[in-house]
1. How would you rank SER132, SER101, SER201, going from fewest to most other Cβ atoms within 10 Å of each one's own Cβ?
2. With the cut-off at 22 Å, report for region 203-298 the share of all Cα pairs above it, as a whole percent.
3. Choose one answer from ALA47, ALA260, ALA272: the residue with the largest mean-square fluctuation in a GNM of the chain with alpha-carbon springs under 10 Å.
4. Please work out how much length the chain gains when fully extended from SER101 to GLU256, using 0.36 nm per residue of separation minus the C-alpha to C-alpha distance, in nm with one decimal.
5. Count the DSSP beta bridges whose two residues both fall in region 21-246, then state the antiparallel fraction as a percent rounded to the nearest 5.
6. At each listed q (0.10, 0.14 Å⁻¹), what is the log10 of I(q)/I(0) that the Debye formula gives for region 21-246 modelled as equal alpha-carbon point scatterers?
7. Mind computing the radius of gyration and Dmax over the alpha-carbon atoms of region 135-211? Å is fine for both.
8. State which entries of LYS110/LYS182; LYS247/LYS275; LYS75/LYS275 exceed 29 angstrom in Cα-Cα distance in the structure shown.
Amino acid sequence: MFVERDGFDEYPCSMAADLELRGVWIPLITPFAADGSVDTAAVERLAHEYLEAGAAGIVALGTTGEAPALDHDEKQLVIDACSRACVAHGAPLMVGTGTNSTRSTIAATKAIAGTPAVSCALVVVPYYVRPSEAGVVAHMQAVAAESPVPVVVYNVPYRTGRGLSAPSILELARTPNVAGMKQAVGALDADTLEVLRDMPSGFSMLCGDDAYIAPVVLLGGHGAIAAAAHVCTERFVAMVECALHGKIDDCRRHAEALLAVVQAGFAEPNPAVFKAVLHAQGRIATPDVRAPMTNASAAALTRMLAAVQSAA
């Protein structure tokens, strides 16, 4: 629902507040067929499997989905396949639309308007160009003002070369049409704790560093966008639900069991190890990633399979 002002369609501030960012979201891999094409049937099948396993939603075209390696048409194929699965389950779909250009990000975000099940856009801090922190905030605000869906800010400084401090995040938390954030700073740091303490009602933090999901949620976070939940999905879901409901001992047991899975999954650049184990499980046709990424080593796969078996 939207209102019109001065001849332009404007989405109301309440749109972001209406979005429930909670639970475990799967940042879906993009499986490739033997000929190197996107295996859309596998995309859709995996999305169904994860939603049936208790995932709250699917993230298309995130870091784990190798979005920079996909061309425009391939990205659309992934979005459409995820959309079909999410519609079938009545589940929300988040789409990565962020680039290192404000104009391009706005265009990509506008392009997902009307896609069934799309509930929000994941917008990464602009990478490579290294804007000032004020520039990052202005970028996010400009995108949010034009976006047809609520925006989720993706703060991942070890990938982008720029990060957001607590004051900047809290400024964005008060920005219309910004619904939440994926916080992936490689630590449970003071800025994260400050945001968890001071973030306003209606703004959600999803943990983006899988080793820290349990403490982030126990301290007030709302869930996770978790690449490691490509495996042991039900247990990741159970861990987050225990944390959300204050079941600390049960949450701790899950977290301790899953730590080895997280460590093994990220022992080599993401998503190579997760693709390798899904291929070994017979769930995707190839373990392939696209260059310049390289496939997981045999040693990494062996370690990951052992961790998954132990956590099962």
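Bear in mind these aren't lab numbers, they're just calculated from the coordinates by the rules spelled out. None of the values given here were measured: they were computed from a predicted structure. Note: ideal-geometry Cβ built from the backbone for every residue, glycine included; neighbour counts use all protein chains shown.
1. SER201, SER132, SER101
2. On the way: 1495 of 4560 pairs.
More than 22 Å apart: 33 percent of the Cα pairs in region 203-298.
3. Result: ALA260 has the largest fluctuation of those listed.
4. Numbers: separation 155, 0.36 × 155 = 55.80 nm, distance 4.00 nm.
Between SER101 and GLU256, full extension yields 51.8 nm more.
5. Numbers: 1 of 29 bridges.
About 5 percent, rounded to the nearest 5.
6. Those come out to -0.40, -0.81, one per q.
7. Using the Cα atoms of region 135-211, the pair Rg, Dmax is 11.7, 34 Å.
8. Working: LYS110/LYS182 20 Å; LYS247/LYS275 32 Å; LYS75/LYS275 18 Å.
From the list (LYS110/LYS182; LYS247/LYS275; LYS75/LYS275), the Cα-Cα distance tops 29 Å for LYS247/LYS275.
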